[in-house]
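The values are calculated or read from the model by the stated rules, or taken from the named source; none is laboratory data. Just so it is clear, the structure is predicted and the values come from calculations on it, not from any experiment. Cβ placement follows ideal geometry from the backbone for every residue including glycine, while neighbour counts extend to all protein chains displayed. The protein model used for the area step is the full one, side chains on, heavy atoms only, and it has no ligands, DNA or RNA in it. Shrake-Rupley method; radii C 1.70, N 1.55, O 1.52, S 1.80 Å.
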Amino acid sequence: MNFPKAIAIASLAAAMTGCIDKHNVTQIGDAENILFLEDGRLLVSGGNNIYQVSGNGNDFTPTPLYVDESGKALKCNFTGIAQHGDWVISSCVETKWLIFTNNHLLAANVNDSDFKFNVITPSKNDVYDQLALPNGIAFTKDGSLLVADYNLFATSGIAKLTLDFSGPQPFISSLEEDFIGVNHGLSSPNGVRTDDNYVYVSNGNAVKRYAFAEDGTVPTTIEINGLAEPNETLMWKGSLATIVDDIMPYCGGVALTSYLNGSVKYVKRQFNHTTGQEEFVEIADTGALAFNSPSSIAIGQPPLFSGYDLLVTEKGLLQEKNSSFGNRLSTATMPFDLNSANACDIVASLD
């Protein structure tokens with residue numbers, strides 16, 4: 001191991017065991033999710049709106065992007081955000097009298113000079129209302145939208161939406177509930193992420209990974225060494241009191257936010273050369289209460305941030321949007337550039 005790499009590893013171990021160099025970026029009530037657009041713009045969802053965060057240095061400002069014709073901010077409890085081509089999709093839920101909900105799917109075009117979100121689902125007979133609480137969202141490589149249907153009172157799964165992008169704005173052409181569901185081992189998914197080969201899901205106190213088939217489906221079983229095995233890989237599991245909110249696949253492993261514990265963890269993927277099987281080992285933990293109910297994470301992207309910045313949304317108390325407990329976007333400083341070409345080599349060297 002060379003000396004610079006050794007320093008980086010030692011620094012990361014220190015940074016992820018409670019010695020957090022944390023900075024407040026901006027106040028966002030019930031901060032929920034983070035997305036860097038392909039052009040570097042930063043979007044953050046919150047309990048009242050979805051915002052573009054702009055600025056530099058220590059001066060950042062959130063601008064609401066769900067507004068009426070006069071520019072007045074509208075209110076909706078926003079959750080997931082994802083980009084597909086020129087379109088950015090987000091999800092929100094309106095609640096009346098703490099009981100009645102109305103789900104909305106929204107879209108904004110990155111090429112519009114007046115970049116803002118518009119509801120693209122109908123006010124009546126909306127298929128999106130079939131979902132209990134649409135939370136995290138992610139696109140597959142074929143352009144399907146996966147939505148984590150979070151449900152505290154019944155089992156639920158990952159829904160698959162087919163969107164039609166041929167018109168002036170997208171619309172839902174079909175919705176398949178439980179595209180990944182109880183038969184796959186899910187019960188109450190919260191966050192969902194994808195890459196070309198896998199879909200990653202936070203489910204209660206666990207993080208699970210499922211393999212895509214060549215046709216884009218997610219079968220309940222896959223063939224391994226000629227045998228049919230469950231298509232479910234448990235990457236991490238906490239105590240029964242744990243709630244895993246957001247997840248971020250990274251270097252074959254996964255970073256996660258432990259919502260109630262107030263920590264961010266990293267789980268490394270490695271191979272057991274004796275058994276020939278892959279294993280997942282938690283190698284980094286910020287420690288409890290490092291963050292106020294962390295709800296999502298993202299690696300900094302230029303021009304606003306660098307790969308040394310790990311962005312974290314701190315939600316705080318549910319439905320309380322004004323106090324200094326949470327309700328913000330923060331950064332934690334990492335000891336090496338998480339976007340660098342050798343970052344995964346450094347992670348592979350960690351025990």
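With every protein chain left in place, what is the accessible area per residue of the chain in square angstrom, probe 1.4 Å?
47
Report the label-to-label distance for ASN225 and LYS96 in nanometres (one decimal), using points 7 Å from each Cα along the Cα→Cβ vector.
Placing both labels 7 Å beyond Cα along the Cβ direction yields 5.8 nm.
Can you divide the C-alpha Rg of the stretch 45-200 by 2.2 N^0.38 Å and report the result to two decimal places?
1.05
At a probe radius of 1.4 Å, what is the per-residue accessible area of VAL182, in Å² to the nearest 10?
Answer for VAL182: close to 100 Å² accessible.
With only alpha-carbon pairs counted, each pair once and no self-pairs, how large is the Kirkwood hydrodynamic radius of the chain in angstroms?
Result for the chain stands at 20.8 Å.
Taking N as the number of residues in the stretch 143-261, what is its alpha-carbon radius of gyration divided by 2.2 N^0.38 Å?
Its radius of gyration relative to the 2.2 N^0.38 Å reference: 1.10.
In whole percent, what relative contact order does the stretch 278-351 give with Cα contacts below 8 Å and a gap of six or more residues?
Here the relative contact order equals 27 percent.
Which FRET efficiency, nearest 0.05, do GLU214 and LEU152 yield, Cβ-Cβ r, R0 35 Å?
Between GLU214 and LEU152 the formula returns 0.50.
Under a 1.4 angstrom probe, counting protein chains only, how are HIS184, HIS273, HIS84 ranked by accessible area, largest first?
HIS273, HIS84, HIS184
Name the most mobile residue of ALA288, ALA132, ALA241, meaning the one with the largest mean-square fluctuation, in a Gaussian network model of the chain with Cα contacts below 10 Å.
Ranking ALA288, ALA132, ALA241 by mean-square fluctuation puts ALA241 first.
Under 10 Å, Cα contacts only: if you run a Gaussian network model on the chain, which one of THR275, THR217, THR194 comes out with the highest mean-square fluctuation?
Taking springs between Cα atoms under 10 Å, the residue moving most is THR275.
Run the reach check for LYS124 against aspartates and glutamates, Cα to Cα strictly under 15 Å, same-chain hits fewer than 8 apart removed. What comes back?
GLU94
What does the convex hull of the Cα atoms of the stretch 230-351 come to per residue, in Å³, rounded to a whole number?
140
Based on alpha-carbon centroids, what's the gap between the stretch 330-350 and the stretch 197-232 in Å, whole number please?
Each part's Cα centre sits 27 Å from the other's.
Checking the a/c ratio against 1.5 first, then a/b against b/c, what shape does the Cα gyration tensor give for the stretch 283-328?
oblate
For the stretch 143-200, what D do you get in µm² per second when you plug the Kirkwood radius from alpha-carbon pairs into Stokes-Einstein at 20 °C and 1.002 mPa s?
175
Under 37 °C and 0.692 mPa s, how fast does the stretch 109-167 diffuse according to Stokes-Einstein, given a Kirkwood radius computed over C-alpha pairs? Answer in µm²/s, whole number.
It diffuses with D of about 244 µm²/s by this estimate.
Return the lysines within reach of LYS208: Cα separation strictly under 22 angstrom, same-chain partners fewer than 8 residues apart disregarded; answer none if there are no such residues.
LYS141, LYS160, LYS237, LYS265, LYS268
So what is the relative contact order of the stretch 36-77, in percent, for Cα pairs below 8 Å that sit 6 or more residues apart?
The value is 31 percent.
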